[in-house]
Amino acid sequence: MQFPDDDNGQMLAAMAESGIDLTLELEVDFFLVFEDKRDAESALEALSQQDEEGELELNFDEDTSKWEVIICTNMVPEYDALVAKEIQLNDFAKEFDGVSDGWGVMQHQDGDGDFADDDHVHDEHCHH
C-alpha cells in the first residue's frame, strides 16, 4: 500500500507494516488541545451537543500543562477521511482557542506495540 509522504501517511504506513488491517474499522482518537480548562470544557460541551459519533474524554496532560479533548470514534483509517476529520476538528477547536493535535490508534494486536499508550487513563467517557 502506498501512502502520502506526510505525518498521516507515515503513521498509516507504520500501522500497516505492524500488521494492523487498515480495511477494518478501528477506534481512532483525535486530540484537541487547549491552554485553558474552561475552553476545553466549552468545546467538550459543544461536541456533546452535536451528533458526533464516538466517545468524548477530557484529560489534563501534565507533560504539556494543557487540556486535551479526546474524540474516540470508530472509522476505517483511510487517509482522506483522517485528513478531512482533522481539518474539521481543527476548525472547530479554533472557535474555542484550541488546536487539533493529530490522531492515534490504541489497538493491542500482535506487532503493534509501537502504538500502545500505557499512560492513557480510561474513564466513563472513553470506552476502548
Exercise for the section: Could you tally the net charge around Ser42, taking each other residue with its Cβ under 10 Å from the Cβ of Ser42, Lys/Arg +1 and Asp/Glu -1? Expected result: -4
Completion exercise
In region 41-78, the GluC sites (Glu not before Pro) that sit in a DSSP loop and have at most 11 other Cβ atoms within 10 Å of their own Cβ are Glu53, Glu62
Handout entry: Size of charge dipole - region 22-115 - debye, nearest 20, with Cβ of Lys, Arg +1 and Asp, Glu -1, no other charges
Key = 180
Problem - At 1.002 mPa s and 20 °C, Stokes D of region 22-115 from Kirkwood alpha-carbon radius, µm² per second - result: 156
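Values in this text are rule-based calculations from the coordinates and carry no lab data. Computed from a prediction, not measured in an experiment: that's the story for all the values here. Heads up, the Cβs are rebuilt from the backbone with ideal geometry, glycines too, and the neighbour counts pull from every protein chain shown.
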